[in-house]
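Undergrad: Before anything else, here's the structure in question.
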Amino acid sequence: MARWWPILSVLCLCLAVAHGQDKLEGVDVEEVCADRPADEYFRLETDGDCREVYRCDSAGEDGTWRLAPIRCAGGLAFDVLRQLCDWKSNVKSCDVLESKCTKSGLKEIQCPSGLAFDVIKQTCDWKAKVTNCDEKEKPRKAKPILKTDEPICPSGKLSCGDGECLDKELFCNGKSDCKDESDENACSVDEDPNRAPECDPTQCALPDCFCSADGTRIPGGIEPQQVPQMITITFNGAVNVDNIDLYEDIFNGQRQNPNGCSIKGTFFVSHKYTNYSAVQDLHRRGHEISVFSLTHKDDPNYWTGGSYDDWLAEMAGSRLIVERFANITDGSIIGMRAPYLRVGGNKQFEMMADQFFVYDASITASLGRVPIWPYTLYFRMPHNAMAMRTTARRVAIPFGRW
């Protein structure tokens, strides 16, 4: 008897498909699908159990439109307004054929009960947190006029969105200078008019500068097999009784480099909860001490959008405290790392230049088969930066990345 189950299954499937095909008889698919987005689900009729909807699919053998049926599971119904299956008791649109106004390019989205739509953040949130229910749309930011067939501003100047001409250096400097504030609304890596140029090996030579097109080139064209492996050991955060025993265990003198010297690490120290006597001892034993901020604020956007003064207080201020309380007087604190690895763009690097920091250890690159070789920041980064939502303009100082 069991051998007949496959045949019965096929018969049931054929009946279901045939039933769906019966509903499509007499339907002008080209007309139904005209100007309709492929991701919209709609009904052909309001009779039935409210479970079956269709979407337009252009994957037919001859390239023409066809209707692909979708059916909610038993006990559920399809809500065409929210474009999802839900319990039948929650669906109030079984008499509606399609999402409102989709033919004109508009699509209605309804937040679940208890939530409201925040037009600024463009997401559903708890009603108590949404304070812009009286606003109809997200404010549209004016854009500067950067590309025109004929120049509309004198040399060295660019046009704001309203046609006002300002010095090029004022665009994307973190402060709105245009009356319509458009000078700060086109500042991505590809839009910023003051963005760093791409690597030019003829203008970038060691020991002061190094860059490569994809970031993987080794100076001097040395083969990877001939390059000694370099491993960096870094720690960030407070140094105190909670971790000093771990550091003692790692740097116990038994692990050595090929030259016989014991291995060393770099400690990016944050101020809060740090035992500066322990930091002084780490520095005395040859480890590098760098800074990791004064406050270590929890909001990642604080670091991404921080002002020049914010970065000055957090990093230069932290260095002053470390130097004083750990009695580090040799000027060796020259590196920094941003909390959450959230790079602060132009403001961060301008502060670093003014305060004589030498390197940043915040920029991260995606893992790849070929690793990135350390580079300076005279030219544009050769990779996309993870956790970085801002752009850095040209900085004429040799900030390295390891």
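The values are calculated or read from the model by the stated rules, or taken from the named source; none is laboratory data. This structure is a prediction, so every number in the text was calculated from the model and none was measured. Cβ: placed from backbone, ideal geometry, glycine included. Neighbour counts: every protein chain shown.
Undergrad: Give me the pairs: first residue in the range 328-344 and in contact (Cβ under 8 Å) with a residue 12 or more places away in the chain, second residue part of a loop (DSSP other than H, G, I, E, B) and of a type in the set (D, E, K, R), beta-carbon distance under 8 Å, and six or more apart or on different chains, which are they?
TA: P339/K297; R342/R389
Undergrad: Hey, another quick one. Can you tell me which of (1) touching a residue at least 12 places away in the same chain (Cβ under 8 Å); (2) within 17 Å of F349 (Cβ to Cβ) is the one D183 doesn't meet?
TA: (2)
Undergrad: Tally up the residues in the range 229-262 that are buried (at least 16 other Cβ atoms within 10 Å of the Cβ) and in a loop (DSSP other than H, G, I, E, B), please.
TA: The qualifying residues number 3.
Undergrad: If you take the residues in the range 330-356 that are touching a helix residue (DSSP H, G or I) at 6+ places or on another chain (Cβ under 8 Å) and small (G, A, S), which one is nearest to C187 (Cα to Cα)?
TA: G345
Undergrad: Continuing with this model, one more query. Give the range 193-211 a look and list any residue that's modelled with pLDDT of 90 or more and surrounded by 14 or more Cβ atoms within 10 Å (Cβ to Cβ), or say none.
TA: Within the range 193-211, P193, C199, C204, C209, F210, C211 qualify.
Undergrad: Has the range 286-305 got at least one residue that is surrounded by 17 or more Cβ atoms within 10 Å (Cβ to Cβ), farther than 25 Å from D354 by Cβ and either of a type outside the set (F, W, Y) or in the same structural domain as A238 (by TED's automatic domain parsing) (or both)?
TA: Yes, there is a match, as at least one residue in the range 286-305 is surrounded by 17 or more Cβ atoms within 10 Å (Cβ to Cβ), farther than 25 Å from D354 by Cβ and either of a type outside the set (F, W, Y) or in the same structural domain as A238 (by TED's automatic domain parsing) (or both).
Undergrad: Now for a different question. So which helices (runs of 4 or more DSSP H) stay within the range 270-337 end to end and still have 1 or more residues that are among the polar types (S, T, N, Q) and at pLDDT 95 or above?
TA: Here the list reads 276-284, 317-325.
Undergrad: Is one or more of the residues making up the range 58-65 at pLDDT 80 or above and among the aliphatic types (A, V, I, L, M)?
TA: No, that holds for no residue.
Undergrad: Does the range 270-312 hold any residues that are more than 15 Å from I328 (Cβ to Cβ), free of Cβ contacts under 8 Å to residues at least 12 places away in the same chain and over 21 Å from the mean Cα position of the chain (by Cα), and which are they?
TA: Selection gives D309 alone.
Undergrad: Somewhere in the range 124-131, is a residue at pLDDT 80 or above, assigned to a loop (DSSP other than H, G, I, E, B), aliphatic (A, V, I, L, M) and not assigned by TED's automatic domain parsing to the domain that holds Y54?
TA: yes
Undergrad: Does the range 95-103 contain at least one residue that is assigned to a helix (DSSP H, G or I), surrounded by 15 or more Cβ atoms within 10 Å (Cβ to Cβ) and at pLDDT below 80?
TA: The answer is yes; a qualifying residue exists.
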